[in-house]
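Here is the structure we will look at, set down as structure tokens.
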Amino acid sequence: MKDKNDFPMKDKNIVYFDNAATTFKPYRVINKINEYYLDYNANSHRGDYDISFKVDDEIDYTRDLVKMFINAKRKDEIIFTKNTTESLNIIAFGFFLNYLNDGDEIILSSSEHASNILPWLILSAKKKIKIVFVDSKDEKLNIEDIKEKITSKTRLISIAEITNVSGDKRDIKTICKLAHKCGILVVVDAAQSAPHIKIDVQDTGVDFIAFSAHKMCGPTGVGVLYGKMELLKKMVPYTFGGGMNENYNEEHLELVEIPYRFESGTPNIADIIGFSEAIKFLNEIGMDTIERKEKYLRKYLIDELEKIPYIKIYNKNNEGSTVIINIDGIMSGDLGLYLNTKGICVRSGKHCAKMGDNKEDTVRISLYFYNTYEEIDILIDALKNKQEIYNFAGI
Ligand SMILES: *Cc1c(COP(=O)(O)O)cnc(C)c1O
């Protein structure tokens with residue numbers, strides 16, 4: 001296992017448990033970004049000179065690493081975007097806006113991130129699409145409940161592999177099998193799964209996935225959109241401009257090959273190049289090791305939290321790397337601010353998942369493999385200061 005010396009942010013005397021929002025970046029990612037600016041700063045696809053060729057090679061290399069990381073069949077099925085949100089929007093408006101007809105139905109879960117709900121709500125307004133929500137009872141989605149919602153009109157299931165609040169892990173392979181039998185496509189929001197577990201798009205058979213580099217030790221400003229080639233061929237670009245056209249006049253626009261037609265304009269070159277080091281870093285540790293380490297950390301955290309009688313844990317039985325809690329009578333925002341006074345970073349509120357009326361605000365502790373048992377002890381010690389917490393909250 002890599003140690004804390006890999007991360008500059010690990011020297012800062014803070015305990016960082018907001019990894020579901022973004023993760024720390026190792027030195028090697030930061031150095032790789034700097035290397036581009038220091039040594040071969042040039043645009044991509046534009047030059048006839050060595051440093052520009054180098055840029056194209058590096059971007060191509062990252063694309064190859066992403067392809068292998070998710071076991072895609074082809075490198076050109078990997079499209080670079082800004083983030084998960086942009087990937088999901090491109091999927092919704094570049095593909096499904098044309099693919100869906102009035103009266104069609106989309107199934108979403110009620111615990112999706114806003115980025116996997118709002119694009120579909122906007123699309124449903126444009127096209128008279130019906131959105132059907134499946135609920136996650138006790139923070140866990142039941143496949144039987146999805147089955148019940150499927151009708152002859154269902155054309156799409158769009159769902160997170162692991163949810164960002166309660167860490168509900170969905171069996172994507174089974175969902176894809178069920179969906180494909182009925183001619184339904186499956187979009188997976190992998191923002192919380194790609195950083196934590198092995199993704200294999202050929203094994204699951206998923207049609208589209210979206211994730212962000214910044215939640216997996218990579219830079220901000222880089223997202224991935226994967227789609228099966230036969231579907232990408234039917235997708236239309238969402239932005240138009242330089243680098244995506246072969247020839248054009250007033251009547252006719254000839255697009256360049258996939259994936260470049262979906263990447264018009266100058267890409268986020270430095271960060272795409274930096275992302276390669278994040279993938280290599282995760283690969284060197286191994287996704288199995290990451291998953292196992294986080295499982296142990298989470299078990300330890302839950303065991304210790306359970307010893308504190310006034311703490312309510314909401315998602316003990318889930319598998320993701322988040323634990324959501326509350327203290328009786330304390331607003332989650334106050335608890336978050338109290339922990340901040342101890343140098344502990346957590347997130348409170350609804351965590352961008354606002355659908356469903358009964359969702360309470362919670363404090364989310366989200367782990368990544370570089371967290372330690374010692375950091376959990378610091379959190380537990382802080383949470384044991386019951387009187388201090390109540391005083392802080394003015395109760
Ligand atoms: C973070 C997150 C997103 C959005 O990711 P961005 O990088 O902010 O676009 C979408 N879905 C889930 C499940 C997330 O955790």
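Nothing in this text is a laboratory measurement; each read-out follows from the coordinates by a stated rule. It should be emphasised that the depicted structure is a prediction, and the values quoted were computed from it without experimental measurement. Backbone-built Cβ (ideal geometry, glycine too); neighbour counts: all protein chains shown.
Here are a few things to note about the model shown:
- Helical content alone sets the calculated 222 nm signal of the chain at -10500 deg cm²/dmol, taking -39,500 (n - 2.57) per DSSP H segment of four or more residues and averaging over every residue.
- FRET efficiency estimate (nearest 0.05) - Cβ-Cβ, His252 to Asp56, R0 25 angstrom: 0.35
- Label point of Lys173 set 7 angstrom out along Cα-Cβ; within region 199-228, amide nitrogens under 16 Å from it belong to 199-207.
- Three-way shape call for the chain based on the alpha-carbon gyration tensor, with the a/c threshold at 1.5: oblate
- Among Ser212, Ser52, Ser115, the largest mean-square fluctuation in a Gaussian network model of the chain (Cα springs under 10 Å) belongs to Ser52.
- With each label modelled as a point 7 angstrom along the Cα→C-beta vector, the Gln387-Arg74 pair spans 6.9 nm.
- FRET E, pair Tyr310, Ile143, Förster distance 25 Å, beta-carbon r, rounded to 0.05: 0.10
- Phi angles of region 361-375 translate, via the Karplus equation with coefficients 6.51, -1.76, 1.60 and θ = phi - 60°, into HN-Hα couplings of 5, 9, 9, 9, 9, 10, 9, 9, 4, 7, 6, 10, 4, 4, 5 Hz per residue; Gly and Pro are given as x.
- Residues whose amide H falls under 5 Å from that of Asp18, counting only those 5 or more places apart or on a different chain, are Ser366, with hydrogens built in the peptide plane.
- Spacing of the modelled spin labels on Glu291 and Tyr27, each 7 Å from Cα toward Cβ, amounts to 3.1 nm.
- Three-way shape call for region 156-302 based on the alpha-carbon gyration tensor, with the a/c threshold at 1.5: oblate
- Kirkwood Rh and Cα Rg combined as Rg/Rh, region 243-395: 1.18
- Oblate is the label for region 1-160, because the ratio a/c of its alpha-carbon gyration tensor axes (a ≥ b ≥ c) is 1.5 or higher and a/b is not greater than b/c.
- Cross-link check: pairs Lys293/Lys350; Lys350/Lys386; Lys140/Lys312; Lys169/Lys198; Lys153/Lys181; Lys67/Lys280 evaluated at a Cα-Cα cut-off of 20 Å; pairs beyond the cut-off: Lys293/Lys350; Lys350/Lys386.
- Pairs of alpha carbons in region 234-307 whose separation is greater than 15 Å (percent): 72
- Net charge of Cβ neighbours under 13 Å - reference Asn83; Lys, Arg +1; Asp, Glu -1: -1
- Net charge over other residues, Cβ less than 13 angstrom from the Cβ of Val188 (K, R count +1; D, E count -1): -3
- By the Cα gyration tensor, region 62-109 has an equivalent ellipsoid whose semi-axes, rounded to whole angstrom, run 26, 12, 11 from largest to smallest.
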